[in-house]
Structures are given as C-alpha cells and as structure tokens.
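Here's the structure, in structure tokens; my notes come after.
The values are calculated or read from the model by the stated rules, or taken from the named source; none is laboratory data. These figures come from a predicted structure and were not determined experimentally. Reconstructed Cβ throughout: ideal geometry from the backbone, glycine too, with neighbour counts over all protein chains shown. Keep in mind that these areas ignore ligands, DNA and RNA; they rest on the heavy atoms of the full protein, side chains included. Shrake-Rupley method; radii C 1.70, N 1.55, O 1.52, S 1.80 Å.
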Amino acid sequence: MKFAERIKALLGLSGGSKDEFFDELADLLVEGDLGAALAYSVADELKAACRKAGLAAEGEIKLELKRILAGCGRETRILPEPGKLNVFLLLGVNGVGKTTSCAKLANYYRREGLAKGIVLAAGDTFRAAAIDQLQIHGERLGLRVVAQRHGSDPGAVLFDAIEAAKAEGADLVIADTAGRMHTRQDLIRELGKIDKIVSSRAEGANYRRLLAIDATTGQNGLRQAEAFAGAVPVDGLVLTKLDSSAKGGLAIALAKELKLATAFVGRGEGYDDLEPFSLDAFLDEFLGIDAGR
Ligand SMILES: Nc1nc2c(ncn2[C@@H]2O[C@H](COP(=O)(O)OP(=O)(O)O)[C@@H](O)[C@H]2O)c(=O)[nH]1
Ligand SMILES: [Mg+2]
C-alpha cells in the first residue's frame with residue numbers, strides 16, 4: 001500500500017482516541033521520513049488536540065494533523081527578479097539530480113515567462129560527463145551553455161557565464177556544481193569559495209543557492225542539508241525524485257529541524273517534471289486528503 005493510503009486507512013480506523021492509534025500514527029510518520037523525534041511530537045500534539053477538542057471523526061483528525069504539520073513545514077518561491085541579473089546555483093551530493101534540475105528549472109522559468117534569457121553554467125568541472133550532460137540539455141532546450149575544460153576552476157566558469165549573460169542581455173544564469181559528499185569537509189569548504197566568487201562577481205544580482213535533496217534518501221537528507229547549510233546560506237530546497245518515494249516527509253523534517261524551506265519538487269526525469277512546492281497541496285497528497293473536498 002502507498003504511504004498516503006496507509007495513513008488514510010489508519011485514520012479511517014481511528015474510532016475514538018486510543019493510545020494505540022496515536023502510536024501507530026507516529027510509526028507511520030517515521031516511515032514517511034518525518035524522523036522519529038518529530039513524528040512522536042506530532043503524534044503527541046495531535047493526541048492532545050483531539051482529546052481537548054473531542055475530535056473523533058476521521059475527517060476532523062486528519063485536518064488537525066494537517067494543521068499541525070503545516071505549522072512545521074515551510075515553502076518558498078525562488079523566482080528571477082525582473083530587470084536584474086539572477087544567478088541560481090544548484091548544490092548537493094552526487095546523484096541527487098542537480099544537473100537535471102538545472103535543465104528543468106530553465107525550462108520552467110522560460111515556460112512561465114519568468115526569464116527573458118537564460119544561460120546554463122557547467123560548474124561541475126570535476127566530471128567530464130557532467131559537462132557533456134549539461135551541454136546536451138542546453139542543445140535540447142535551445143539554451144546557451146557556458147563551459148570550460150574538465151578540471152578547470154568552477155569559479156572561473158561561473159565568472160564566464162555571468163559575463164556572457166551580461167553581454168547577451170540574458171537575465172538568468174543557472175549554474176551546476178560538482179556533487180560533493182557532505183562528509184568531506186574540504187569539499188564543503190570549497191563551496192564557500194565558489195560562493196564568494198559569485199557573490200563578488202555578480203554584485204547587485206539576485207543570487208540564490210538551491211540545495212537539491214533526493215526524497216528517497218530519507219533521514220540522510222537531513223545530514224546532507226545540515227552540512228551544506230553550514231557552509232553557505234541555502235535559500236531553498238529542490239526535493240527531487242518525489243515520484244520514486246511518494247513519502248516526502250523529509251521536506252517537513254528539513255523545515256522543522258533546519259528551518260529550510262522547499263521551493264520545488266521533482267517528479268520525474270522529463271523537463272516538465274518539476275513544480276513549485278505548495279505546502280498545502282503537498283500535505284493533502286502526503287495525508288491522502290482528497291483535494292477540492
Ligand atoms: N525519477 C526521478 N529521477 C530523477 C529526478 N531528478 C533527477 N533524476 C535522475 O537522477 C539521476 C541523477 O541526476 P543528475 O541530475 O545527473 O544528478 P547530479 O549528480 O546531482 O547532477 C538521473 O538519472 C536523473 O534522470 C526526479 O525528480 N525523478
Ligand atoms: Mg551532475
């Protein structure tokens with residue numbers, strides 16, 4: 001059974017406010033990637049609220065649970081500011097979907113008419129394949145890709161891309177970066193350097209750092225986010241692979257534990273498989289609440 005269906009089934013069985021029900025709910029929330037501490041505190045808060053207000057009906061309990069989770073979650077909008085140069089940098093560990101998200105974001109902003117001109121920057125100079133991968137996306141999307149040779153300085157690639165955007169009158173640079181394990185302090189520190197270069201080269205620009213987190217990694221995502229957010233300010237999360245996980249409670253845990261807001265969710269490998277994160281819609285999906293009801 002899918003996670004949302006299990007939550008729904010459990011809530012359907014509530015029939016009062018037995019302790020057992022709240023324990024099982026806490027376990028389900030742990031499975032939904034909320035993390036143990038948060039799951040139990042949410043279940044306790046729900047139990048107290050249900051007892052206080054005498055909530056027993058499935059619909060009432062569900063809405064109360066949604067209200068509690070909504071109080072923990074955070075959403076944010078990462079949008080290009082008109083009339084300015086915008087630089088969006090994708091960060092994260094290997095394989096989470098950074099490069100793919102660069103292409104999806106470019107596609108999204110262009111489709112929605114939110115950017116006039118977009119330049120992609122191949123800031124992952126660590127792997128030659130990553131440069132090719134971004135170049136292929138650029139060809140398919142009809143976007144300029146600024147790249148240098150494999151092994152070159154990512155800061156220099158970003159500098160080039162920013163200059164190219166200025167020269168062309170493009171208003172958005174979306175930059176890929178090399179994946180780095182959150183456990184490698186040296187690589188994490190190197191991020192701080194890239195960040196400084198962009199901040200100084202793109203003075204006056206709307207500079208945003210997006211951290212890509214794979215929704216299927218569970219609580220490890222928290223450790224990753226903690227390491228990255230400790231090195232550079234993170235403006236928003238891209239929660240990728242929500243199509244493969246269908247749990248996604250990690251978004252709530254990241255908001256509650258690290259105050260990180262989710263900006264986008266990825267739902268597949270295609271260019272259109274990216275959407276702005278809506279906490280309200282996400283919770284309906286997470287809890288199996290029929291929207292429009
Ligand atoms: N199912 C699914 N796959 C994704 C999503 N985002 C990225 N991927 C896949 O994950 C793999 C790694 O993506 P990539 O962008 O290369 O990750 P990077 O190492 O962080 O740059 C690729 O096969 C992507 O197609 C997503 O939202 N859903
Ligand atoms: Mg990549």
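Tabulated data
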| quantity | calculated |
| --- | --- |
| Subset of the stretch 67-109 that is among the small types (Gly, Ala, Ser) and either closer than 17 Å to Arg144 by Cα or in contact with a strand residue (DSSP E or B) (Cβ under 6 Å, 6 or more places away or on another chain) (or both) - its residue that is nearest to ligand 1 (Cβ to nearest atom) | Gly97 |
| Filter result (of a type outside the set (Phe, Trp, Tyr) and either over 19 Å from Val198 (Cβ atoms) or over 8 Å from the mean Cα position of the chain (by Cα) (or both)) within the stretch 227-236 | Ala227, Ala229, Gly230, Ala231, Val232, Pro233, Val234, Asp235 |
| Residue match in the stretch 124-131 (condition: among the aromatic types (Phe, Trp, Tyr) and within 16 Å of ligand 1 (Cβ to nearest atom)) | yes |
| Filtered residues of the stretch 138-186 (kept if within 16 Å of ligand 1 (Cβ to nearest atom), in contact (Cβ under 8 Å) with a residue 60 or more places away in the chain and either assigned to a loop (DSSP other than H, G, I, E, B) or not assigned by TED's automatic domain parsing to the domain that holds Tyr109 (or both)) | Asp176, Thr177, Gly179, Arg180, Met181, His182 |
| Test for Gly71: is it under 30 Å from Arg140 (Cα atoms) and either within 28 Å of the chain's Cα centre (by Cα) or open to solvent by less than 10 Å² (accessible area, probe 1.4 Å) (or both) | no |
| Glu190 being within 24 Å of Ala106 (Cα to Cα), at pLDDT below 95, acidic (Asp, Glu) and not assigned by TED's automatic domain parsing to the domain that holds Asp33 | no |
| Residues being in contact with a Cys (Cβ under 7 Å, 6 or more places away or on another chain) and either open to solvent by 40 Å² or more (accessible area, probe 1.4 Å) or free of Cβ contacts under 8 Å to residues at least 24 places away in the same chain (or both) - total across the stretch 236-293 | 1 |
| Of the criteria (1) of a type outside the set (Ser, Thr, Tyr); (2) away from ligand 2 (no atom under 16 Å from the Cβ); (3) in contact with a Leu (Cβ under 9 Å, 6 or more places away or on another chain); (4) closer than 19 Å to Arg74 by Cβ, which one Ala165 fails | (4) |
| Selection status of Leu120, assigned to a strand (DSSP E or B), assigned by TED's automatic domain parsing to the domain that holds Asp176 and touching a residue at least 40 places away in the same chain (Cβ under 8 Å) | yes |
| Residue tally, condition under 21 Å from Asp195 (Cα atoms), among the charged types (D, E, K, R) and in a helix (DSSP H, G or I), over the stretch 56-115 | 1 |
| Scope the stretch 42-57; condition within 28 Å of the chain's Cα centre (by Cα) and open to solvent by 60 Å² or more (accessible area, probe 1.4 Å); matching residues | Asp44, Glu45 |
| Every residue from the stretch 47-80 that is among the aliphatic types (A, V, I, L, M) and closer than 18 Å to Leu279 by Cβ | Leu63, Leu65, Ile68, Leu69, Ala70, Ile78, Leu79 |
| Boolean, Ile213 is open to solvent by less than 60 Å² (accessible area, probe 1.4 Å), more than 16 Å from ligand 2 (Cβ to nearest atom) and over 19 Å from Val87 (Cα atoms) | no |
| Complete set of residues in the stretch 3-41 that are crowded, with 16+ Cβ neighbours inside 10 Å and of a type in the set (Asp, Glu) | Glu24, Asp33 |
